[in-house]
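Asker: This structure is in structure tokens; I'll ask about it shortly.
The values are calculated or read from the model by the stated rules, or taken from the named source; none is laboratory data. Computed from a predicted structure; not experimentally measured. Every residue, glycine among them, receives a Cβ derived from its backbone with ideal geometry; neighbour counts consider all protein chains shown.
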Amino acid sequence: MEIRILGAHNIETKTTGSTCLLIDDILAVDAGALTSSLTIAQQQNLKAVLLTHQHYDHTKDIPVLGMNFFVLKASLEIYTTQQVYDVLTTHLLNNVVFPNWAERPPEKPVFHFNIVEAGKAVSVAGYSVLPVPVNHAVPTVGYEITSFDGKKVFITADTGPGLEDCWKQINPNLIIAEMTMLNDIEGPRKAGHLSPQLLEKELESFREMKGYLPQVVLYHLDPLAEETVKEEIREVEKALSIKIRLGYEGMRIKV
Ligand SMILES: [Zn+2]
Ligand SMILES: [Zn+2]
């Protein structure tokens, strides 16, 4: 399995893309920097998109992707929770802001939405995909994705600490974990996100429970805080005796 980071950040600029991952060129996880990172031929190659939650930095390219597939007279599978489906079709794909691609064109809608439930694995484009609830400001699922050869990646999506229940359900070779906040940011701003110190505690609890630590790559980085995050992550590496890599646009990770 090869994972390519299309968007490794929480904000979009000329050089940073909003959260979006691409697995083996066919399966996207979130749609922050999806259309702007791929040619039309590469977009046509997509088999499915998984959405973790409704926040705009994770869903923003969905309407435009729908337009592209409409022009191509093609259709695409989207997997997400009932809540995200409801929010998308009420607020974005609502025939006011943009067409509801779940219903248009009526003879063959552009998007076919598949509703996932936490804890129930589904088969998607040859992968087994397990949605696992995480702790964010709105209901959010991370995804453990297992390829045909048994290799597993867990994508945390946006989450704060308290992942013990989540860890119980997964056994990944690689964790792609969100890293949004610096250690010294306190209070409400931190709720629903991880800082290096919070990640350290979560990884400690993973190792205690599972007896190993997977590879760790970070995403959902704040470009303005990235240099300091790098320094703070070095302390986590020392404490846990592991290597942690910061993701970047274009990064390819083999599992
Ligand atoms: Zn979010
Ligand atoms: Zn986000």
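Asker: Could you look through segment 183-199, keep only residues that are crowded, with 20+ Cβ neighbours inside 10 Å and away from ligand 1 (no atom under 16 Å from the Cβ), and pick out the one that is nearest to Ser123 (Cα to Cα)?
Answerer: Applying the filter and picking the extreme gives Leu199.
Asker: Something else: Condition first: among the charged types (D, E, K, R), assigned to a helix (DSSP H, G or I) and closer than 13 Å to Asn135 by Cβ. Now tell me which residues in segment 159-181 satisfy that. Steps first, answer last, please.
Answerer: Taking segment 159-181 as the starting set, the residues that turn out to be among the charged types (D, E, K, R) are 164-165, 168, 178.
After this cut, where a residue has to be assigned to a helix (DSSP H, G or I) as well, the list is 164-165, 168.
Those that are among the charged types (D, E, K, R), assigned to a helix (DSSP H, G or I) and closer than 13 Å to Asn135 by Cβ: Glu164, Asp165.
Asker: All but one of (1) assigned to a loop (DSSP other than H, G, I, E, B); (2) more than 14 Å from ligand 1 (Cβ to nearest atom); (3) touching a Gly at 6+ places or on another chain (Cβ under 7 Å); (4) within 24 Å of Thr16 (Cα to Cα) hold for Leu218; which doesn't?
Answerer: Every condition holds for Leu218 apart from (1).
Asker: Do you know which of the residues in segment 123-134 that are within 23 Å of Tyr56 (Cα to Cα) and surrounded by 20 or more Cβ atoms within 10 Å (Cβ to Cβ) is nearest to ligand 2 (Cβ to nearest atom)?
Answerer: Val134
Asker: For segment 225-248, which residues satisfy the criterion of being hydrophobic (A, V, I, L, M, F, W, C), surrounded by fewer than 18 Cβ atoms within 10 Å (Cβ to Cβ) and either modelled with pLDDT of 95 or more or in a strand (DSSP E or B) (or both)?
Answerer: Ala239, Leu240, Ile242, Leu246
Asker: Then there is this: Being outside any helix (DSSP H, G or I) and free of Cβ contacts under 8 Å to residues at least 24 places away in the same chain is the filter here, so list the residues in segment 182-215 that pass it.
Answerer: Asp184, Ile185, Glu186, Gly211, Tyr212
Asker: Here is a further query. Could you list, in sequence order, all residues of segment 105-158 that are within 16 Å of ligand 1 (Cβ to nearest atom) and either of a type in the set (Lys, Arg) or assigned to a loop (DSSP other than H, G, I, E, B) (or both)?
Answerer: Correct list: Asn135, His136, Ala137, Val138, Pro139, Thr156, Ala157, Asp158.
Asker: Still on this structure, please answer the following. How many residues, within segment 31-85, are surrounded by fewer than 24 Cβ atoms within 10 Å (Cβ to Cβ), under 22 Å from Val129 (Cα atoms) and small (Gly, Ala, Ser)?
Answerer: Qualifying residue count, segment 31-85: 2.
Asker: Among the residues of segment 138-163, which ones are within 16 Å of ligand 2 (Cβ to nearest atom), in contact (Cβ under 8 Å) with a residue 60 or more places away in the chain and not β-branched (Val, Ile, Thr)?
Answerer: Matches in segment 138-163: Pro139, Gly142, Tyr143, Ala157, Asp158.
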